[in-house]
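The values are calculated or read from the model by the stated rules, or taken from the named source; none is laboratory data. Worth saying up front: this structure is predicted, and the values here are computed from it rather than measured. We place every Cβ from the backbone using ideal geometry, glycine too, and count neighbours over all the protein chains shown.
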There are 2 protein chains.
Amino acid sequence: MPELDDDIKKILRGPNFAHLGTVNADGTAQVNPVWIDVEGDRPVFNTAVGRRKERNLRRDPRVTLEVLDPEDPYGYVEIVGTAELTEEGAEDHIDALSRKYTGRDYQWRRPGQRRIKVYVTPTKVHSSVG
Amino acid sequence: MPELDDDIKKILRGPNFAHLGTVNADGTAQVNPVWIDVEGDRPVFNTAVGRRKERNLRRDPRVTLEVLDPEDPYGYVEIVGTAELTEEGAEDHIDALSRKYTGRDYQWRRPGQRRIKVYVTPTKVHSSVG
């Protein structure tokens, strides 16, 4: 498993959007902005049961995350990896992400919505940052 | 072909990065930041012969473009479509894009590099902007 260097981790810890690529049932790419963080060497994001990206991940856990370097208009990091989905800690995690990006706990909970925490184990890292 | 409304065109005309999703040979999603513009109802970006995204597009022209709304932290547009590649006008086009994003003509030409202009004909538009 490739390690993430400090420059990459700094970008993942900042309030920067990641652009998540997943694969649709018809074989096309889906791209969504997601809030992102990192635990150890694994990027982590959050979604909810039933969303298209969640259904895509259960069908094919191979993902790509692309994040622009906020300090360099030509810098970005692309992390290719495998997603692992869990409900454990997912509620606390969406609040923590929300505080990072909006300054307060997550405000958009819906009745019955089940949050999912997604860990990405990197298999390939391409970076032009640092 | 879905039309792009004025709010979407405004975002595509501004100096905002698009996040391009293409499909790799192994069926995974590739995500790259690209400079973007719009001609009529077709988003247009630029690449070069031999790059991975160009090879992906020749194998499978189905693409997804995602662009954040710079005026709304939760707004973004996702355009799914089919790519058409041409060398015609591609050199002028990379200069025009470069002027929009950097204020001057494209500075990174390499000997022998052939630029490609890519038109995207939308098949589906998902937008939370405007």
Residues being surrounded by 15 or more Cβ atoms within 10 Å (Cβ to Cβ) and either facing chain A (nearest Cβ under 10 Å) or part of a loop (DSSP other than H, G, I, E, B) (or both) - total across region B:105-119:
1
I need the full set of residues from region B:39-54 which are more than 25 Å from B:S127 (Cα to Cα) and within 14 Å of chain A (Cβ to nearest Cβ), in order please.
B:R51, B:R52
With away from chain A (no Cβ under 14 Å), modelled with pLDDT of 95 or more and buried (at least 17 other Cβ atoms within 10 Å of the Cβ) as the only criterion, which of B:I8, B:I36 stands out?
B:I8
Within region B:55-62, can one find any residue that is among the aliphatic types (A, V, I, L, M) and either over 22 Å from B:P2 (Cα atoms) or away from chain A (no Cβ under 12 Å) (or both)?
no
Out of curiosity, is B:G14 at positive phi and more than 10 Å from chain A (Cβ to nearest Cβ)?
no
Identify all residues within region A:73-102 that are at pLDDT below 95 and over 26 Å from A:D5 (Cβ atoms); write none if there are none.
A:T102
Has region A:69-87 got at least one residue that is more than 11 Å from the chain's Cα centre (by Cα), exposed (fewer than 12 other Cβ atoms within 10 Å of the Cβ) and of a type in the set (F, W, Y)?
no
May I ask you to list pairs of residues, at least six apart or on different chains, whose Cβ atoms are under 6 Å apart, with the first in region A:44-66 being among the hydrophobic types (A, V, I, L, M, F, W, C) and the second being at pLDDT below 95 and assigned to a loop (DSSP other than H, G, I, E, B)?
A:A48/A:Q113
Considering residues of region A:19-33 that are more than 12 Å from the chain's Cα centre (by Cα), hydrophobic (A, V, I, L, M, F, W, C) and within 7 Å of chain B (Cβ to nearest Cβ) only, the residue surrounded by the most Cβ atoms within 10 Å (Cβ to Cβ)
A:A29
Restricting attention to region A:3-21, which residues are out of contact with any Ser or Thr (no Cβ under 8 Å at 6 or more places or on another chain), closer than 19 Å to B:H19 by Cα and not small (G, A, S)?
A:I11, A:L12, A:P15, A:N16, A:F17, A:H19
Does any residue in region B:71-91 that is more than 11 Å from chain A (Cβ to nearest Cβ) come within less than 8 Å, Cβ to Cβ, of a residue that is basic (K, R) and assigned to a helix (DSSP H, G or I) six or more places away or on a different chain, and which pairs are these?
B:L85/B:R58
Looking at (1) of a type outside the set (K, R); (2) surrounded by fewer than 18 Cβ atoms within 10 Å (Cβ to Cβ); (3) farther than 25 Å from B:P73 by Cβ, find the lone condition where A:P122 falls short.
(2)
Could you look through region A:93-104, keep only residues that are surrounded by 14 or more Cβ atoms within 10 Å (Cβ to Cβ) and more than 30 Å from A:K124 (Cβ to Cβ), and pick out the one that is farthest from the chain's Cα centre (by Cα)?
A:T102
